[in-house]
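Undergrad: A single structure is presented below for examination.
The values are calculated or read from the model by the stated rules, or taken from the named source; none is laboratory data. Small disclaimer: the values here were computed from a predicted structure and weren't measured. A quick note on method: Cβ atoms are made from the backbone with ideal geometry, for glycine too, and the neighbour counts reach across all protein chains shown.
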Amino acid sequence: MKKDQFRKNFWKEWKAVLGKNTTIKSFKKVDFSLIKSHLDTAKEERKNRSKEEKNKEKEEKKALKEKYGFAIVDGHKEAIGNFTVEPPGLFLGRGQHPKAGMFKQRVTPEQITLNLGEGVDPPKCPIPGHKWGGIVHNHEVTWLATWRENINGQNKYVLFSAQSSMRGRSDRSKFETAKRLKKCIGKIRKDYTANLKNADDEVAQQRATAMWVIDRLALRVGNDKSEDEADTVGCCSLRCEHVKLLDDNKLEFDFLGKDSMRYHNVVEVDPQVYKNFKTFMSGKKKSEQIFDRLSPPSLNSHLQSLMDGLTAKVFRTYNASITMQKELSKFDEDEMTVEEKVLFFNRASVQVAKLCNHQRSVPKTHQTQMEKIDDQIKDTEDEIAEVKAHIKRLNAGKEAKKRAAGEDGKEKKPFSNNVETCKRKIEALEDRIRKLKIKKKEKDTLKEVSTSTSKVNYIDPRISLVWCQKHNVDIKKIFAKTMRDKFAWAIAEVEATPDFVF
């Protein structure tokens with residue numbers, strides 16, 4: 001790990017463990033190569049275990065899951081998601097986290113509180129000489145166990161699996177809430193648009209401007225951060241340094257959003273919104289907040305007054321879902337191949353990912369992967385040329401040439417002496433090239449965005465499922481097995497009501 005903050009935090013924590021009498025005085029002089037070598041060897045040995053050893057471990061894990069991986073809820077067996085506690089290790093965090101490199105301490109049973117039904121015997125503590133920290137009977141929450149981690153002082157939870165019926169009901173409720181917003185979004189927008197000009201009430205004007213940003217740009221509300229937390233920003237915590245006033249009613253936003261992902265966007269805004277930003281930023285230092293009269297609790301309270309259950313996340317879910325529905329409605333090419341349809345779907349998903357700022361760094365292997373596809377296309381084109389030359393020789397009554405060996409030295413399989421078979425071979429090879437070109441376009445489209453987050457959390461899955469059903473696309477092409485399991489409720493619902501509209 002070469003990050004300065006990580007190394008600084010690790011050294012500070014490690015020195016405390018080593019004690020004052022340690023001979024290690026400089027972190028830079030410590031050689032970790034022997035430890036790395038040992039870990040690499042252990043990893044290799046694990047990889048090279050016999051089939052019997054691997055199967056034994058598999059069975060042991062299966063037995064553990066059967067024992068600890070399920071809970072009985074109202075007489076029904078429900079799968080648990082994370083039934084193991086994270087082992088001690090080094091905290092990585094996301095992005096440029098100020099606590100990266102600190103020690104994640106071991107969690108003992110005494111730190112864990114279990115949430116069980118009344119009159120139920122608690123599961124036996126698996127570590128001899130220890131006992132659970134507490135037992136509660138809270139019917140208002142869905143967690144089964146909780147403890148507080150030592151890095152950020154946050155509670156960690158054991159929750160039901162994403163595939164459980166409880167999580168399914170929770171997911172459906174979330175999307176139904178966003179669907180309810182669709183019915184009153186016009187009234188809400190009319191309300192905050194009117195208050196954009198309310199210069200007599202600065203709080204109302206700032207709140208209206210913030211709501212415009214949350215609604216139109218899908219920004220999070222943003223909470224205050226302490227000095228030892230990552231300096232991530234949301235709407236309420238925007239500072240003057242994060243926004244530039246450009247010409248033609250354009251604003252340039254540049255800050256670190258959730259998970260320390262950079263949000264950089266130049267957007268043309270409503271003239272009144274531009275005017276408000278200019279007013280709110282006037283006379284302030286770069287480090288001062290733009291919405292200094294607005295707090296996350298007050299904004300959230302106002303959202304609740306507009307619609308029961310309304311939060312900034314509901315706006316994001318609504319906008320992500322409605323954007324996906326609009327993008328997919330542009331499809332009118334049923335003559336496309338399945339691969340082309342999937343590419344169209346992924347491009348629609350990219351628009352949602354951009355709206356939600358679900359960016360990612362270009363994978364280090366991206367260029368290599370693109371070059372590999374180019375090589376495959378070139379090899380296939382060469383093979384087509386070979387087959388065509390072979391057909392030409394057959395038509396001329398000449399003897400077929402022996403194919404040159406491949407790069408690996410192996411002899412290539414000879415072409416058929418039947419001209420029609422060779423023509424079908426060319427068609428198959430041309431189809432392969434077409435698929436490879438689509439694959440290349442798809443990889444390039446997705447290189448800087450992550451569509452999985454919006455697919456899992458923000459886009460109502462029923463929108464995608466209805467589109468697949470309408471255009472004969474197997475849902476396996478767009479949803480991995482874990483997502484199909486998670487959205488089993490949506491699959492069943494769309495089968496019953498194929499005309500669903502968000």
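Undergrad: With the checklist (1) more than 25 Å from residue 244 (Cα to Cα); (2) modelled with pLDDT of 90 or more; (3) in a helix (DSSP H, G or I) in hand, flag the one item residue 279 doesn't pass.
TA: If we test residue 279 against (1) more than 25 Å from residue 244 (Cα to Cα); (2) modelled with pLDDT of 90 or more; (3) in a helix (DSSP H, G or I), just (1) comes out false.
Undergrad: For the stretch 43-73, give me the residue count where each residue is among the hydrophobic types (A, V, I, L, M, F, W, C) and without any contact (Cβ under 8 Å) to a residue 60 or more places away in the chain.
TA: 4
Undergrad: Go through the stretch 470-491 and give me each residue that's within 21 Å of residue 80 (Cβ to Cβ) and in contact with an Asp or Glu (Cβ under 9 Å, 6 or more places away or on another chain).
TA: 486, 487, 489
Undergrad: Based on this model, can you work out whether residue 98 counts as closer than 23 Å to residue 147 by Cα, exposed (fewer than 12 other Cβ atoms within 10 Å of the Cβ) and not β-branched (Val, Ile, Thr)?
TA: no
Undergrad: Does residue 84 fit the bill of being closer than 30 Å to residue 16 by Cα and in a strand (DSSP E or B)?
TA: no
Undergrad: Further question: Can you find even one residue in the stretch 161-168 that is at pLDDT below 95, of a type in the set (S, T, N, Q) and part of a helix (DSSP H, G or I)?
TA: Scanning the stretch 161-168 turns up at least one residue that is at pLDDT below 95, of a type in the set (S, T, N, Q) and part of a helix (DSSP H, G or I).
Undergrad: Restricting attention to the stretch 221-235, does a residue exist that is at pLDDT 90 or above and not in a strand (DSSP E or B)?
TA: Yes, some residue in the stretch 221-235 is at pLDDT 90 or above and not in a strand (DSSP E or B).
Undergrad: So, in the stretch 437-450, of the ones that are farther than 26 Å from residue 314 by Cα and β-branched (Val, Ile, Thr), which residue ends up modelled with the lowest pLDDT?
TA: Ranking the candidates gives 445 first.
Undergrad: Let me ask something else about it. Scanning the stretch 243-271 for residues that are closer than 18 Å to residue 356 by Cα and not in a strand (DSSP E or B), which turns out modelled with the highest pLDDT?
TA: 269
Undergrad: Among the residues of the stretch 143-151, is there at least one that is without any contact (Cβ under 8 Å) to a residue 24 or more places away in the chain, of a type outside the set (S, T, N, Q) and not in a loop (DSSP other than H, G, I, E, B)?
TA: Within the stretch 143-151 (the criterion being without any contact (Cβ under 8 Å) to a residue 24 or more places away in the chain, of a type outside the set (S, T, N, Q) and not in a loop (DSSP other than H, G, I, E, B)), the answer is no, since none of the residues qualifies.
Undergrad: Could you count how many residues in the stretch 451-468 are surrounded by 17 or more Cβ atoms within 10 Å (Cβ to Cβ) and either polar (S, T, N, Q) or farther than 30 Å from residue 316 by Cβ (or both)?
TA: Number of matching residues: 4.
Undergrad: Output yes when any residue across the stretch 90-112 is charged (D, E, K, R) and farther than 27 Å from residue 18 by Cα, and no when none is.
TA: yes
Undergrad: Inside the stretch 414-502, counting only helices (runs of 4 or more DSSP H) that do not spill past its ends, which hold 2 or more residues that are under 23 Å from the mean Cα position of the chain (by Cα), farther than 30 Å from residue 370 by Cα and of a type outside the set (D, E, K, R)?
TA: 461-470, 488-496
Undergrad: Kindly establish whether residue 132 is aromatic (Phe, Trp, Tyr) and not in a loop (DSSP other than H, G, I, E, B).
TA: Here the answer is no, as residue 132 does not meet what is asked.
Undergrad: Condition first: farther than 16 Å from residue 205 by Cα and aromatic (Phe, Trp, Tyr). Can you find one or more residues in the stretch 237-255 that meet it?
TA: Within the stretch 237-255, one or more residues are farther than 16 Å from residue 205 by Cα and aromatic (Phe, Trp, Tyr).
Undergrad: Now a separate question. Do we have any residue at all in the stretch 297-311 that's buried (at least 18 other Cβ atoms within 10 Å of the Cβ), of a type outside the set (Ser, Thr, Tyr), in contact with a helix residue (DSSP H, G or I) (Cβ under 9 Å, 6 or more places away or on another chain) and over 18 Å from residue 205 (Cα atoms)?
TA: Yes, the conditions are met somewhere in the stretch 297-311.
Undergrad: So which residues in the stretch 168-221 are without any contact (Cβ under 8 Å) to a residue 40 or more places away in the chain and of a type in the set (Phe, Trp, Tyr), if there are any at all?
TA: The one that is without any contact (Cβ under 8 Å) to a residue 40 or more places away in the chain and of a type in the set (Phe, Trp, Tyr): 192.
Undergrad: For the stretch 244-267, indicate whether the set of residues that are under 23 Å from residue 186 (Cα atoms), in contact (Cβ under 8 Å) with a residue 60 or more places away in the chain and among the polar types (S, T, N, Q) is non-empty.
TA: The answer is no, given that none of the residues of the stretch 244-267 is under 23 Å from residue 186 (Cα atoms), in contact (Cβ under 8 Å) with a residue 60 or more places away in the chain and among the polar types (S, T, N, Q).
Undergrad: Would you confirm whether any residue within the stretch 211-232 is of a type in the set (S, T, N, Q), over 30 Å from residue 80 (Cβ atoms) and out of contact with any strand residue (DSSP E or B) (no Cβ under 8 Å at 6 or more places or on another chain)?
TA: So far as the stretch 211-232 goes, yes, one or more of its residues are of a type in the set (S, T, N, Q), over 30 Å from residue 80 (Cβ atoms) and out of contact with any strand residue (DSSP E or B) (no Cβ under 8 Å at 6 or more places or on another chain).
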